[in-house]
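Have a look at the structure below before the remarks.
Read-outs: derived from the displayed coordinates by stated rules, not from any lab. Please read these numbers as outputs of a predicted model, since none were measured by experiment. Here the Cβ positions follow ideal geometry from the backbone for every residue, glycine too, while neighbour counts run over all protein chains shown.
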C-alpha cells in the first residue's frame, strides 16, 4: 500500500505528521519520531506578543498583566537550529 502524499508542496512518504506539541520541543523525542517514520514536524507558533514583549519590555512595564510565554523569539530560533541540525526531516511551523 502506498501512503505517499503531497502536503503544502512537500512530497511526504506518509501523511502521519506530528502536530505542534511538546513532543516537538526536545531533540531526543524529535529523533525518536523521525526513527518511527514521521516525515516532518509541526512546531508551535511564535506570536507577535512574544516578540513585542521581548522588544518593548520598558513599555510593557506599565501594563499590569504580563503573559508568560514558554519561550521567546531567541529561544525559538535556537530550537529550530538545534532540531534542523539533529534531525533529517523538514520542519513546518504552524
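Given points 7 Å out from each Cα along the Cα-Cβ axis, report the residue 27 to residue 2 separation in nanometres with one decimal.
Modelled inter-label distance: 3.7 nm.
Testing the spin-label approximation: label points 7 Å from Cα along Cα→Cβ at residue 47 and residue 80. State their distance in nm.
1.9
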